[in-house]
Amino acid sequence: MSEAPHEVRSEAWSEALPEAQSDVELLTAAARTRLRAAHDGLGDGPVPWGVGVAVVVADLDVATFIAGVADFALTLPDDLCEGWYRAFTRTVFLAGRPASVAARHPGCRTTAGAPYAWYGPARRGELRPLSRLLRAFDGPAPIDVPTGPLTVTVPGGEPSGHVVDAAVAIGGVSTGDYLVHVHHLIAEAALRGLIGPGDTLRVDHRKALDTAEFRDLLAPARADRVQTRITRSRTEPHHPRLYGVLESNRLQGGH
Amino acid sequence: MTITPTKPLTPTHVKGLLWTDILVKASAAVTGVRLVWNNRMATLTTQSTAFWHYLDLTEPDTDWSGESETGIGERYLRYHTERREPDPRALDSYLARADQDGWIHPASRRMLELWRAELDLLGVGDLGLAEDRPLATATRPVIGALAERGLIIDHRRFGGPLYLDGPRWGMPLRQLISSEGHPNYLVPILRELVPLIRPGRMFLLIHDDELTADYLLLKRVLTEFGAAVTRLGLSRVPLNGTVRSSRYGGWKGTTLSDLSATSGSADRTAYRLGMRLYFAGVLHRRSAQSFRMDLLRRSVGRAARLLERTPDDPADLAGQQVMTALSRLQARSGYVDPYRLTASVMGERAALPAPALRAVYT
């Protein structure tokens, strides 16, 4: 199983340096907001507990991957949306070729010829035969993204006119970690309705996301249309790091 | 089948070698056979090179040319007990030298020399087991050929491993090249075998039963390239009831040199025949019986008595019968099964008169 960076816990950062305190506090608060949102869930319906997703990855193209995550999350039945969201969109990444796996493991979501396939959300036991057949995705090399801004049209509908802006950190981020961060960011935003079919998703890849620059977006007042990805930094485990932030104009009814 | 020259030959190895020897020689009497054996298939592995690296770190000044089999084998055990993870980059130069120049660490060269003497005594020295030549093709072209057929998942550009796409056949994903860039033992086998594939040529993979999953996969891959492939998996010979890899030791008193020293009173021909009667006639393909020195001794004694009987068959009728038996066995599976042959021609009244049989068994 690919190791997902640990979820945020504020206690862990109590030893943080004083001058970093305000950033740390801001990120910790934003991370807590996300945890609370997941805990509260999306609705009141029945919830399947303890579900996770497995993604089979043969190759990686950042744009089609992002479109694929959004499409997967947007086409899930409501009860699975709820269960997976409350499970913090837990996901494992497995190395494998979707077409080779599909014959014996049907029930995945993929598009013909795509190098990824999604299984679940399902209980761990249901995904076990798949993870036994495959190997955890192992991608320690730095993530390689296309230069310049990336625009992805979310599949599944006519152009909606909505624009969703995301900024994603790539400095010191391995390919494996990038998959984890982006998957959480996009999937949770889609489950919460911040991304919809036909939306235009603009992704800005940057070396690092400066907390000061995103101060407004991280404020509690904006939380209902902002999705964050904050977790411990690989290099400084006591510091939370902002790996991704996404803002949608969907809920403003702007278009 | 590959055996890394890092330890003494154990009963499991002896079984594999004798089965191979009988199979090749008996099949050669009725059809064309070539044994593909190349030491580089064994030396071009991290299993060998990590051990060599360990020896160079711990004993840079040891003169290995006079070292005993047990002495080197004990170092191999110690190396596995200590479980040192070698710096992956340190192995690069070992693998490169072994691949390009056929370089073998002096300790392994000494081991091969010691093996050779024992294999000559056993009558398998002429199989070409000391063959060491460059592998038929390099890693890159063979990986390229696999990629062309869509048989691999290559995550090297993400800093990850390269895998063989087992799932297409319902088998697990199998790593071929580690994330450190080191090919595992399957790669040299593919490098040696893929270029040999021709229409109508049949491949028989003789292997350790414990590696069946890998060889099933190899069979599928070679078939994908157009080869006709069958497998012969041989069970390991347990020692005192346990099957263990030789890296865990427990082979004291049962190495090939121990066996040849024990049957001291028998002459060389009786030793060769007796070893074959035991390892290919008493122990069948999937035998789970522990190694038994008493049964081996009895087989060598029986061999001596068989050899003493004077052939009284001037027309060589027995010889004709042997050829018929060989052809029948070969027709059944494409090769002569050593156990079936041994069982069918080595009955109670056998006298080993036919030259064809002597050639196979002694």
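Tabulated results
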{"item": "Kirkwood estimate for the stretch B:1-45, i.e. one over the average of 1/r between Cα atoms, Å", "result": "11.8 Å"}
{"item": "Helix B:69-82 vs. chain B, principal-axis angle (Cα, 0 to 90°, nearest 10)", "result": "40 degrees"}
{"item": "Per-residue Cβ neighbour rank within 10 angstrom, fewest leading, A:195, B:104", "result": "B:104, A:195"}
{"item": "Rounded D (µm²/s) - chain A, Kirkwood Rh over Cα pairs, Stokes-Einstein at 37 °C, 0.692 mPa s", "result": "177 µm²/s"}
{"item": "Sites residue B:328 and residue A:212, calculated FRET efficiency, Cβ-Cβ separation with R0 56 Å, nearest 0.05", "result": "0.05"}
{"item": "In degrees, nearest ten, helix A:124-133 long axis to first principal axis of chain A (Cα)", "result": "70 degrees"}
{"item": "Dipole in debye (nearest 20) - the stretch B:194-247, about Cα centre, beta carbon charges: Lys, Arg +1; Asp, Glu -1", "result": "100 debye"}
{"item": "Computed log₁₀ I(q)/I(0) - Debye formula, equal Cα scatterers, no solvent, the protein assembly as shown, q 0.10 Å⁻¹", "result": "-0.94"}
{"item": "Length added when fully stretched, residue A:221-residue A:202, from 0.36 nm per residue minus Cα-Cα", "result": "4.6 nm"}
{"item": "Partner chain coverage, peptide A:128-141 - average Cβ within 10 angstrom", "result": "4"}
{"item": "Å³ per residue enclosed by the Cα convex hull of the stretch B:113-258", "result": "156 Å³"}
{"item": "Chain B: relative contact order as a whole-number percent, Cα under 8 Å and 6+ apart", "result": "21 percent"}
{"item": "FRET efficiency, residue B:285 to residue B:305 (Cβ-Cβ, R0 30 Å, nearest 0.05)", "result": "0.70"}
{"item": "Under 15 Å, Cβ to Cβ, from residue B:34 - net charge with Lys/Arg +1 and Asp/Glu -1", "result": "0"}
{"item": "Dipole axis of the protein assembly as shown (+1 Lys, Arg; -1 Asp, Glu on Cβ), positive-most option in B:136, A:238, A:205", "result": "B:136"}
{"item": "Förster-model FRET efficiency, 45 Å R0, residue B:47 and residue A:111, C-beta, rounded to 0.05", "result": "0.60"}
{"item": "The stretch B:30-152 - Debye-derived log10 I(q)/I(0), Cα point model, q = 0.11, 0.22 Å⁻¹", "result": "-0.48, -1.33"}
{"item": "Cβ-defined net charge surrounding residue A:235, 14 Å radius [Lys, Arg +1; Asp, Glu -1]", "result": "+2"}
{"item": "13 Å beta-carbon shell around residue B:224, net charge (K/R +1, D/E -1)", "result": "+2"}
{"item": "Trypsin sites (Lys or Arg not before Pro) within the stretch A:180-211: DSSP coil, no more than 14 neighbouring Cβ in 10 Å", "result": "A:207"}
{"item": "Relative frequency of Cα-Cα separations exceeding 18 Å in the stretch A:51-136, percent", "result": "37 percent"}
{"item": "Excluding exposed DSSP-loop GluC sites (Glu not before Pro) (at most 11 other C-beta within 10 Å), longest clean stretch of chain A", "result": "A:16-255"}
{"item": "Semi-axis lengths (Å, descending) of the ellipsoid that matches the C-alpha gyration tensor of the stretch B:24-77", "result": "35, 14, 9"}
{"item": "Rounded to 10°, Cα long-axis angle of helix B:317-333 versus longest principal axis of chain B", "result": "30 degrees"}
{"item": "For the protein assembly as shown, size of Cβ-based charge dipole, Lys and Arg +1, Asp and Glu -1, in debye", "result": "2380 debye"}
{"item": "Placed amide H near residue A:94: partners under 5 Å, 5+ positions off or other chain", "result": "A:55, A:56, A:57, A:137"}
{"item": "Among B:280, B:65, A:94 - extreme Cα towards positive end, dipole of the protein assembly as shown, charges at beta-carbon", "result": "B:280"}
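None of the figures in this text is laboratory data; all of them are computed from the coordinates on show. On a predicted model such as this, the values are computed, not experimentally measured, just so you know. Neighbour counts run over all protein chains shown; Cβ positions are idealised from the backbone, glycine included.
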